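**Q** Take this structure, written in structure tokens, and hold onto it; I'll ask about it next.
No lab work stands behind these numbers, since they all come straight from the coordinates. What you are looking at is a predicted structure, and each value in this text was computed from that prediction instead of being measured. Quick reminder, even Gly has a Cβ in these numbers, built from the backbone with ideal geometry, and neighbours come from all protein chains shown.
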Amino acid sequence: MSGGASIRHFIRLQDLSDREVEDVLDLSARFKRGSSRAELAARTVGLLFFRGSLRTRTSLEVAMHQLGGHTVNLTASSDFWSLEAQPGKVMDGEAPEHIRDAAEVLSRYVSALAIRPALDGRSWDVDRRDDKIRAWASHARVPVINMESALWHPLQALADLLTLRETLGELAGKKLAITWTHSPTPSSSSVVNSVLLAALRNGVNVTVAHPKGYELDSGVVDEAHKVAGEKGVAVATEASLDDAVRGAHVVYARSWRSLEVYGNSTLAASRLARTQDWMIDENRMELGDNARLMHPMPVRRNLEVSDEVLDGPRSLLYSQAENRLHTQKGLLSLLLRS
Ligand code: CP
């Protein structure tokens, strides 16, 4: 994990070595089979949400409870105020407190800090720097866990890897189709960036399908090609959802925002209006190789994915969401028990 010699942060999945990812997944599988130990008694994790969450918050709270520890949950705007991230700033604006001070103080109360930072939403050049989560990591004196920044969602990636492993067994040589889906409220591409690199790193061939204008961040694409080269697997981009799904063992559906018109709601809406055919239904799933469906949720029924697929035997969504609990127990255990 990233950080100095004594503090290990978890900002992206790549902060764990291959061996550590395997250890977390093995431990998570044991937790899922019912193994239980109060190994984090007297440990507390602070959860700071600057954006909403259903799964991440609940699964982390339950994970810490089942490990014998506690969480403290703070929601920005209702529980505390905006925080300044910029170093050296003359703080004459809205924020009355700097992340530097909040991180130092909270480090004296808790064993780890989990953060879901707000996105600027106006400029991808700004958001892609992930400044806020990095400011927390640079000032905290306890491990910082990223609960989803603009670029990465490493907790989701761990759950996705466990789900892929449970579904496919050996991952090497399998095919994953990551496909954009239509939604009036597209997310950031953090989940897709994370599962793309996680799958390639585990020997999975990946095809990413999206309409024109929804290309992923160029830095992530470059890294994907580098990892694919190192692992000897294929990574490809398709402009056709059907072509991407053809022969896939798992289809991963997710809507994400266009980076080309990031921050321009008028252009984003007009672009979205031309993409309503990007929905997963049974006909499309039949193009795969007995394909199963993953989606990190929340999912818009009959817009992103049809009811028939979501409620049928191909769907892995509930297991995938359940695996958030087990993999977070594995991670917290590895991170905090020593
Ligand atoms: N997948 C996920 O992170 O869900 P939440 O936004 O509900 O936490």
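**Q** Taking H as built 1.01 Å from N, whose amide H comes closer than 5 Å to the amide H of L259, not counting residues under 5 places away?
**A** When sequence neighbours closer than 5 places are left aside, the close amide H contacts are E215.
**Q** Provide the FRET efficiency to the nearest 0.05 for the Y109-E230 pair, computing r from the beta carbons and using R0 = 41 Å. Walk me through the intermediate numbers first.
**A** Details: r = 41 Å, r/R0 = 1.00.
The value I calculate is 0.50.
**Q** Just to confirm a number: summing +1 for Lys and Arg and -1 for Asp and Glu over residues other than E97 whose beta-carbon lies under 14 angstrom from that of E97, what do you get?
**A** On the way: positive: K89, R100, K132; negative: D79, E84, D92, E94, D101, E104.
For residues surrounding E97, the net value is -3.
**Q** HN-Hα J couplings of the stretch 329-334 from phi, Karplus 6.51/-1.76/1.60, θ = phi - 60°, integer Hz, Gly and Pro as x?
**A** Coupling constants for the stretch 329-334: 5, x, 5, 4, 4, 5 Hz.
**Q** Applying a 10 Å radius around every beta-carbon, put 293-303, 36-46 in order of their mean neighbour count, most first. Don't skip to the end; give the middle numbers.
**A** Details: 293-303: 17.9, 36-46: 16.0.
Listed from highest to lowest mean packing, they are 293-303, 36-46.
**Q** If amide H atoms are built 1.01 Å from N in the plane of the peptide, which residues on other chains or at least 5 residues away come under 5 Å of the amide H of A209?
**A** Correct list: I178, T179, W180, E238.
**Q** In a GNM of the chain with a 10 Å cut-off on Cα contacts, which of D277, D242, D131 has the highest mean-square fluctuation?
**A** Checking each option, the largest mean-square fluctuation is seen for D277.
**Q** Continuing with the same structure: How would you rank 198-211, 259-272, 59-72, highest first, on the average number of other Cβ atoms within 10 Å across their residues? Present the calculation step by step, with values, prior to reporting the outcome.
**A** Values: 198-211: 22.7, 259-272: 15.1, 59-72: 19.3.
Result, highest mean Cβ count within 10 Å first: 198-211, 59-72, 259-272.
**Q** Against the empirical 2.2 N^0.38 Å scaling, what ratio does the C-alpha Rg of the chain come to? Display every interim value, and only then the final one.
**A** Numbers: Rg = 19.7 Å, N = 338, 2.2 N^0.38 = 20.1 Å.
Cα Rg divided by the expected 2.2 N^0.38 Å: 0.98.
**Q** Are there GluC sites (Glu not before Pro) in the stretch 139-215 that DSSP puts in a loop and that have at most 16 other Cβ atoms within 10 Å, and which ones?
**A** Details: sites: E148, E166, E170, E215; in loops: E148, E170, E215.
The qualifying sites are E170, E215.
**Q** Can you work out the Karplus-derived ³J(HN,Hα) for every residue in the stretch 247-252? Use 6.51 cos²θ - 1.76 cosθ + 1.60 with θ = phi - 60°, whole Hz, and x for glycine or proline.
**A** Couplings: x, 6, 7, 9, 10, 10 Hz.
**Q** Which value in nm describes the separation of the simple spin-label points at S36 and Q86, placed 7 Å from the Cα toward the beta carbon?
**A** About 5.0 nm, to one decimal.
**Q** Would you kindly derive the ³J(HN,Hα) couplings of the stretch 264-272 from the backbone phi angles with the Karplus curve 6.51 cos²θ - 1.76 cosθ + 1.60 (θ = phi - 60°), listing them in order in whole Hz, with x for Gly and Pro?
**A** Rounded to whole hertz, the list is 10, 5, 5, 5, 4, 5, 5, 5, 4.
**Q** Could you tell me how many degrees, from 0 to 90 and to the nearest 10, lie between the Cα long axis of helix 218-231 and the main elongation axis, the longest principal axis, of the Cα atoms of the chain?
**A** 70 degrees
**Q** Here is a follow-up. Express the relative contact order of the stretch 187-338 as a whole percentage, based on alpha carbon pairs under 8 Å and six or more residues apart in sequence. Let's see the in-between values first.
**A** On the way: 179 pairs, mean separation 32.0, N = 152.
Normalised by residue count, the contact order of the stretch 187-338 is 21 percent.
**Q** On full extension of the chain, what length is gained from V126 through R337, given 0.36 nm per residue of separation minus the C-alpha to C-alpha distance?
**A** Numbers: separation 211, 0.36 × 211 = 75.96 nm, distance 3.55 nm.
Stretched fully, the V126-R337 segment lengthens by 72.4 nm.
**Q** Further question: Quick one: check the C-alpha center-to-center distance for the stretch 58-128 versus the stretch 157-174, whole angstrom.
**A** Value for the Cα centre distance between the two parts: 31 Å.
**Q** Between Q276 and N290, what length comes free when the chain is fully extended (0.36 nm per residue of separation minus the Cα-Cα distance, one decimal in nm)? Let's see the in-between values first.
**A** Values: separation 14, 0.36 × 14 = 5.04 nm, distance 2.51 nm.
Working it through step by step, the gained length comes to 2.5 nm.
**Q** Can you list the residues, at least 5 places off or on another chain, whose amide H is less than 5 Å from the amide H of N73, using H built in the peptide plane?
**A** Close amide H contacts, sequence-distant or interchain: L47.
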